[in-house]
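**Student:** First, the structure itself, so that you have it in front of you.
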Amino acid sequence: MLNGKEDMEPLGSNNDIASRWAGLKTRIISGAALAALTLLALWLGGWLFALLVTVAAMLMIKEWDVLTEDDGRLWRFAGLAYVAVPCASLIWLRDVRFENNANAGARLVLFLMLVIWATDIGAYFAGRKIGGPKLAPRLSPSKTWAGLGGGILSAAIVGGISCSFTPYPPSLIACMDMGAVLAIVAQGGDLFESWLKRRIGAKNSGDLIPGHGGLLDRVDGLIFTTPLFAWLVYMSGAIL
């Protein structure tokens, strides 16, 4: 027998829809502000970009320590590598130069960031609009296969569009393929951090960014994809 107002709400009611999209405005505003700051530092490059990445690394290590405070020193050292490797890869990637393209590094980082942002946005909207079977309910109860598909599709499209300015990958199809692969890897980073948080019953890694949580919540996809993308760029043989 149904009891209470919530039990009597029909599926797909206004309340259900409102709760599904709760906090979207806050997420958009804070996400746009963070993206603007990042793009400005990326454009200026040099010590300013390195400083931004270094400050971000310090904040992420602090959040990691909170998530693993009961796990001993080994986890603390693992956190240093978890944060330092992608941050160092990002700084290296920004300074990469290709033959006849001295500003290749900024374009490569922009390609990577746009693809990961597209992954997050596509997964967010597809997951909430379509819903359906859960991707990994034991790790993250809110993520769905539809969200993964939406993230991959968005990343592939944005990757293809970004072919107009990025020096690598070298072709439209390669850019789209790279976008799809990076989207899958980014989802792995998202699930890993979800697992870290569920171990201690935390919803977010912190409260630094309104609507998003901590910095680790915002860049978990970049943490997994940046070293991979930097390695692929290095192995391409196109850098000076």
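FYI, it's all coordinate maths here, none of it is from the lab. Treat the numbers as computed from the prediction; the structure is a model and nothing was measured. Please note: Cβ atoms are built from the backbone with ideal geometry, for glycine as well, and neighbour counts cover all protein chains shown.
**Student:** Mind checking which lysines have their Cα closer than 21 Å to the Cα of residue 143? Skip sequence neighbours fewer than 8 apart in that chain.
**Tutor:** Output for residue 143: 25, 129, 134, 197, 203.
**Student:** Also, I was wondering about something else. Work out from phi, with θ = phi - 60° and the Karplus expression 6.51 cos²θ - 1.76 cosθ + 1.60, the ³J(HN,Hα) of each residue of region 88-101, listed in order in whole Hz, and give x for Gly and Pro.
**Tutor:** Taking θ as phi minus 60°, the curve returns 5, 4, 5, 5, 4, 4, 5, 9, 5, 10, 9, 4, 6, 8 Hz for region 88-101.
**Student:** Hey, can you grab everything whose amide H is under 5 Å from the amide H of residue 135? Only 5+ residues off in sequence or another chain; H modelled, so Pro and N-termini drop out.
**Tutor:** 143, 144, 145
**Student:** Which net charge results for the neighbourhood of residue 103, defined as the other residues with beta-carbon distances under 12 angstrom from its beta-carbon, given Lys and Arg at +1 and Asp and Glu at -1?
**Tutor:** +2
**Student:** Also: Angle, helix 145-162 long axis vs. longest principal axis of the chain, Cα atoms, 0 to 90°, nearest 10?
**Tutor:** So the helix axis and the longest Cα principal axis differ by about 30 degrees.
**Student:** Once you order the gyration tensor axes a ≥ b ≥ c over the Cα atoms, which shape class does region 22-235 get: rounded for a/c under 1.5, otherwise prolate or oblate by comparing a/b with b/c?
**Tutor:** In terms of gyration-tensor shape, oblate.
**Student:** Starting from 0.36 nm per residue, how many nanometres of slack lie between residue 28 and residue 232 once their C-alpha separation is accounted for?
**Tutor:** 70.3 nm
**Student:** Given labels modelled 7 Å from the Cα in the Cβ direction, how far is it in nm from residue 43 to residue 165?
**Tutor:** 0.9 nm
**Student:** How much length, in nm to one decimal, is gained on full extension between residue 157 and residue 184, taken as 0.36 nm per residue of separation minus their Cα-Cα distance?
**Tutor:** Gain on stretching residue 157 to residue 184: 8.3 nm.
**Student:** What does the C-alpha gyration tensor say about the overall shape of region 130-240? Classify as rounded when a/c is under 1.5, otherwise prolate if a/b is larger than b/c, or oblate.
**Tutor:** Cα axes put region 130-240 in the prolate bin.
**Student:** To the nearest 10 degrees, how steep is helix 104-129 against the longest Cα principal axis of the chain, on a 0 to 90 scale?
**Tutor:** So the helix axis and the longest Cα principal axis differ by about 10 degrees.
**Student:** I've got another one for you. Name the shape class, rounded, prolate or oblate, that the alpha-carbon gyration tensor gives for region 33-160, where a ≥ b ≥ c are the square roots of its eigenvalues, rounded holds for a/c under 1.5, and otherwise prolate holds if a/b is larger than b/c and oblate otherwise.
**Tutor:** It comes out oblate by the Cα gyration axes.
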